[in-house]
Amino acid sequence: MKILIVDDHAIVRDGLSRLLTADGEHEVRLAASGREALALARTFRPAVVILDLNLPGLGGLELLRLAQADAGRILVLSMHAEPLYARRSLEAGAHGYVSKNVAPDELLTAVRRVGAGGRYVEAEIAQALALGDGAETLDALSARELEIMRLLGAGASLAEIAEALGASYKTVANTCTQIKSKLGVARTADLVRLAIETGVS
């Protein structure tokens, strides 16, 4: 099976590649950024993409939206175990979601299931999704708004966010105003604080 691993940490890419290669006859390619993943997906045409959400520049949620045509079936492997991220990923087109806390055998099961045309969500996250996660406030944000908030929480300036997303400065500034309105905060500094407190960053 052709598998593309997208993660900005070399040790994670290498470890996943070794795990998948040891599991069977998989052809594995690696990408360290969203833009690199888009280019590679167009030429490699993977059956499964294992995608981290926290990528420099073009983040995982934005990449999910852009990669639908070329990326095959997408399994998100994220440090975020919060149901909000799983829900947003699944709504954006992911076919599965597991946290980086998952055991290697469960990750392989998820890859096989997603590769065979099914869906897979880590059990604890699936249970939290079914019960509701209490993130209704952040739920009001679109994927683009959540990505901008994540980048703000990571310390990026509005100009850096505009460049990373391929948008104008004015568009990003207007979107920040909309986010502040939705979340009931007055300043960009409050958005940064909220991003850090809620684990969005």
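Figures for the structure shown
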quantity	calculated
Condition check for R112: free of Cβ contacts under 8 Å to residues at least 12 places away in the same chain, in a helix (DSSP H, G or I) and touching a helix residue (DSSP H, G or I) at 6+ places or on another chain (Cβ under 9 Å)	yes
Residues that are small (G, A, S) and buried (at least 18 other Cβ atoms within 10 Å of the Cβ), drawn from the stretch 100-111	A110
Residues of the stretch 15-41 satisfying the condition of being of a type in the set (D, E, K, R), at pLDDT 90 or above and under 19 Å from the mean Cα position of the chain (by Cα)	R29, E36
Qualifying residue in the stretch 69-76 (condition: within 12 Å of the chain's Cα centre (by Cα), open to solvent by less than 20 Å² (accessible area, probe 1.4 Å) and within 27 Å of A167 (Cβ to Cβ))	yes
Pair list, Cβ < 9 Å and 6+ apart or interchain, from the stretch 125-146 residues that are assigned to a helix (DSSP H, G or I) and modelled with pLDDT of 70 or more to residues that are hydroxyl-bearing (S, T, Y) and open to solvent by 50 Å² or more (accessible area, probe 1.4 Å)	L138/T198
Tally, over the stretch 1-47, of residues that are part of a loop (DSSP other than H, G, I, E, B), of a type outside the set (D, E, K, R) and open to solvent by less than 50 Å² (accessible area, probe 1.4 Å)	6
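The values are calculated or read from the model by the stated rules, or taken from the named source; none is laboratory data. Small disclaimer: the values here were computed from a predicted structure and weren't measured. Methodologically, a virtual Cβ is constructed for each residue, glycine included, from the backbone with ideal geometry; neighbour enumeration extends over all protein chains shown. Heavy atoms of the whole protein, side chains included, go into the accessibility calculation; ligands, DNA and RNA do not. Shrake-Rupley method; radii C 1.70, N 1.55, O 1.52, S 1.80 Å.
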